[in-house]
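Asker: Dropping a structure here in structure tokens format, bear with me for questions.
The values are calculated or read from the model by the stated rules, or taken from the named source; none is laboratory data. Here the structure is a predicted model, which is why all the values come from computation and not from measurement. Cβ placement follows ideal geometry from the backbone for every residue including glycine, while neighbour counts extend to all protein chains displayed.
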């Protein structure tokens, strides 16, 4: 039986314990971020098994390389960036992509509400969300990805810059242009 994720233990403490070989801490990290990582990875590939394989490989690589990994205050960011790279490298192996720019981020399902939320929020909110999702789908893949990382994963601009391998000013510009574009459409 797996132990419940303890939200009271800071990421940095779990990360340090994991790097020292603590299997429980490693399991806590995996449990804490698996769902978020899978959701992010699923935006790049509709092949759920491929994403699961990439996640499994990523966690195995982390475990085997744990003693050589550095400190990080931002475990979630580190994992998101690592998964993005992993998906890119695995896609290259299968000759699906020729450059990291071609990672195909899909906005399908961003912000979808559960049935319970739809009932609570009501029909008006649901219609607004459908309209937003329609407009999100018309954005470029990079714009969709930046919206996801900023508003659905809650990452800061610096972290987004590192995940997407672009400069911080480029993140600010892209985010500003994207939000302005969405506002003008809505």
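Asker: Given (1) closer than 18 Å to residue 39 by Cα; (2) in contact with a helix residue (DSSP H, G or I) (Cβ under 8 Å, 6 or more places away or on another chain); (3) surrounded by fewer than 18 Cβ atoms within 10 Å (Cβ to Cβ), where does residue 69 come up short, assuming only one miss?
Answerer: (1)
Asker: Moving to a separate point now. Tally the residues that are part of a helix (DSSP H, G or I) and either in contact (Cβ under 8 Å) with a residue 12 or more places away in the chain or surrounded by 17 or more Cβ atoms within 10 Å (Cβ to Cβ) (or both), restricting the search to region 45-60.
Answerer: Total meeting the criteria: 9.
Asker: While we're looking at this one, here's another question. Answer yes or no: is there a residue in region 27-44 that is exposed (fewer than 12 other Cβ atoms within 10 Å of the Cβ), outside the structural domain of residue 165 (by TED's automatic domain parsing), within 25 Å of residue 141 (Cβ to Cβ) and free of Cβ contacts under 8 Å to residues at least 12 places away in the same chain.
Answerer: The answer is yes, given that some residue of region 27-44 is exposed (fewer than 12 other Cβ atoms within 10 Å of the Cβ), outside the structural domain of residue 165 (by TED's automatic domain parsing), within 25 Å of residue 141 (Cβ to Cβ) and free of Cβ contacts under 8 Å to residues at least 12 places away in the same chain.
Asker: Ok, one more. Taking the criterion of being modelled with pLDDT of 90 or more and within 20 Å of the chain's Cα centre (by Cα), would at least one residue in region 13-21 satisfy it?
Answerer: yes
Asker: Name the helices (runs of 4 or more DSSP H) wholly within region 88-186 that hold at least 2 residues that are surrounded by 12 or more Cβ atoms within 10 Å (Cβ to Cβ) and either modelled with pLDDT under 80 or assigned by TED's automatic domain parsing to the domain that holds residue 48 (or both)?
Answerer: Answer list for region 88-186: 115-137.
Asker: Please go through region 127-166 and pick out each residue that is more than 18 Å from the chain's Cα centre (by Cα) and without any contact (Cβ under 8 Å) to a residue 24 or more places away in the chain.
Answerer: 127, 128, 129, 130, 134
Asker: Could you tell me which of the residues 7, 3 is over 25 Å from residue 158 (Cβ atoms) and either within 17 Å of the chain's Cα centre (by Cα) or at pLDDT below 90 (or both)?
Answerer: Sole residue among the options that is over 25 Å from residue 158 (Cβ atoms) and either within 17 Å of the chain's Cα centre (by Cα) or at pLDDT below 90 (or both): 3.
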